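For reference, the structure discussed in these notes is given below.
All of the numbers you see were taken from the coordinates with simple rules; none came from a lab. Keep in mind that what you see is a predicted model, and the values were worked out from it rather than measured. Using ideal geometry, Cβ is built from the backbone for each residue, glycine included, and neighbour counts are taken over all protein chains shown.
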Amino acid sequence: MATILGANGGGAITVKVRAFAMLRDIIPAECNAEISRGSTVGDLLAYLSARYPGLGDALFTPTGEIRAYVNILKNGRNVHFSGGLEAPLDDGDTVALFPPAAGG
């Protein structure tokens, strides 16, 4: 499991990030991100998008909204129902990234 360091003072928390399906071509399937205390889901995704080219385009529209059919879960709950990109993160949280899936 990779560890991604992004904290810049003020204390840090560690968040587990899990990627699924085609996102695994862009970011490791599972990694730990060390980010600043007080960060939100949006802060984490912005940091990861800057670190992994193509991730931002896969997750966000050109206006910065989560793409339709992309699901981002914080501790198993879709962030759409729990604060969106402004949902706060705590030490030990897990954020899972699910891209659109097709098939039948």
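Quick rundown of the values:
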item	result
Pair list, Cβ < 9 Å and 6+ apart or interchain, from the range 23-46 residues that are closer than 15 Å to Gly92 by Cβ to residues that are surrounded by 15 or more Cβ atoms within 10 Å (Cβ to Cβ) and basic (Lys, Arg)	Glu30/Lys16; Glu30/Arg18; Cys31/Lys16; Cys31/Arg18; Asn32/Lys16; Ala33/Lys16; Val41/Lys74
Any chance Ser49 is among the hydroxyl-bearing types (Ser, Thr, Tyr), under 19 Å from Gly84 (Cα atoms), surrounded by 14 or more Cβ atoms within 10 Å (Cβ to Cβ) and free of Cβ contacts under 8 Å to residues at least 40 places away in the same chain	yes
Any hit, the range 88-98, residues being of a type in the set (Ser, Thr, Tyr) and under 11 Å from the mean Cα position of the chain (by Cα)	yes
